[in-house]
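Values in this text are rule-based calculations from the coordinates and carry no lab data. Because the structure is a prediction, the values reported are computed rather than measured. A quick note on method: Cβ atoms are made from the backbone with ideal geometry, for glycine too, and the neighbour counts reach across all protein chains shown.
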Amino acid sequence: MKHKEQRVAVFIDVQNMYHSARNLLNARVNFREVVKEAVAGRKLIRAFAYVVRTKTGEEKAFFEALEKSGIEIRVKDLQEFFGGAKKADWDVGMALDAVRTSEIVDTLVIVSGDGDFIPLVEYLKGRGRRVEVMAFDRTASQKIKEAADDFTDLGSEPKFLLRTR
């Protein structure tokens, strides 16, 4: 149940959402609208976006837009390995922030369809917290959708998307 006295924290897996929106719908995610829907009239305590910084810095304006929307950003530099492989994984950092923040909120909203977060969802629910997941239905793990107390399909409403590319 959602009620206006619930304290809510939002955790956004930006890379997961970016690639899903681009590949599925040739669009970008409206993160301001996602947070608004996640909060749903309840008390927002904190909203985090987990982002990756490249060497070129072309994402700086995007980071500033997130911050202007009241979203705290957590930044990790893109790792580039010999041979051209690239990696930027925020799963552990996001999970740690969720566990820490769970002590001061009633509801945690995970904006990611990544099945790697299933143990986190189960842990938080076991600690008496409500856990909601927002992601694109077609790319979200079926098991995370089932594990969550509530699931919102970001592909179901145009308000969650920005202009197509």
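Out of the range 14-85, which trypsin sites (Lys or Arg not before Pro) are coil in DSSP terms and have no more than 16 other C-beta atoms within 10 Å?
Values: sites: Arg22, Arg28, Arg32, Lys36, Arg42, Lys43, Arg46, Arg53, Lys55, Lys60, Lys68, Arg74, Lys76; in loops: Arg42, Lys55.
Those satisfying the criteria are Lys55.
Which entries of Lys4/Lys36; Lys60/Lys145; Lys36/Lys76; Lys43/Lys145; Lys68/Lys145 have Cα-Cα distances beyond 22 Å here? Please report the intermediate quantities before stating the final value.
Details: Lys4/Lys36 13 Å; Lys60/Lys145 32 Å; Lys36/Lys76 25 Å; Lys43/Lys145 24 Å; Lys68/Lys145 30 Å.
Table pairs above 22 Å Cα-Cα are Lys60/Lys145; Lys36/Lys76; Lys43/Lys145; Lys68/Lys145.
In the range 68-162, which GluC sites (Glu not before Pro) fall in coil by DSSP and have 12 or fewer other Cβ atoms within 10 Å?
Details: sites: Glu72, Glu80, Glu103, Glu122, Glu132, Glu146; in loops: Glu103.
Those satisfying the criteria are Glu103.
Just tell me the longest site-free run in the chain, where the sites are chymotrypsin sites (Phe, Trp or Tyr not before Pro) in a DSSP loop having at most 12 other beta-carbon atoms within 10 Å.
Values: sites that count: Phe81, Phe82.
The longest uninterrupted stretch comes out as 83-165.
Restricting to bridges with both residues inside the chain, how much of the DSSP beta-bridge set is antiparallel, in percent to the nearest 5?
On the way: 4 of 31 bridges.
Antiparallel bridges: around 15 percent, rounded to the nearest 5.
Using only helices, what value at 222 nm comes out for the chain when you add -39,500 (n - 2.57) per DSSP H run of length 4 or more and divide by the total residues, to the nearest 500 deg cm²/dmol? Present the calculation step by step, with values, prior to reporting the outcome.
Numbers: 6 runs with 56 residues, N = 165.
When only DSSP H runs of four or more count, the value is -9500 deg cm²/dmol.
Using Cα-Cα distances under 8 Å and only pairs 6 or more residues apart, what relative contact order does the chain have, in percent? Spell out each step's value before the answer.
Numbers: 282 pairs, mean separation 46.5, N = 165.
Across the chain, relative contact order equals 28 percent.
At a 10 Å Cβ-Cβ cut-off, how would you order Ser20, Ser156, fewest neighbours first? Spell out each step's value before the answer.
Details: Ser20 24, Ser156 10.
Lowest to highest Cβ neighbour count: Ser156, Ser20.
Please give every one of the aspartates and glutamates within straight-line cross-link reach of Lys2, meaning a C-alpha to C-alpha distance under 16 Å, and leave out same-chain neighbours fewer than 8 residues apart.
Partners found: Glu37, Asp106, Glu132, Asp149, Asp150.
Using a/c under 1.5 as the rounded threshold, could you call the range 10-49 rounded, prolate or oblate? The axes a ≥ b ≥ c are square roots of the C-alpha gyration tensor eigenvalues, and prolate needs a/b larger than b/c, oblate otherwise. Walk me through the numbers on the way to the answer.
Working: a/c = 3.84, a/b = 2.05, b/c = 1.87.
Here the range 10-49 falls in the prolate category.
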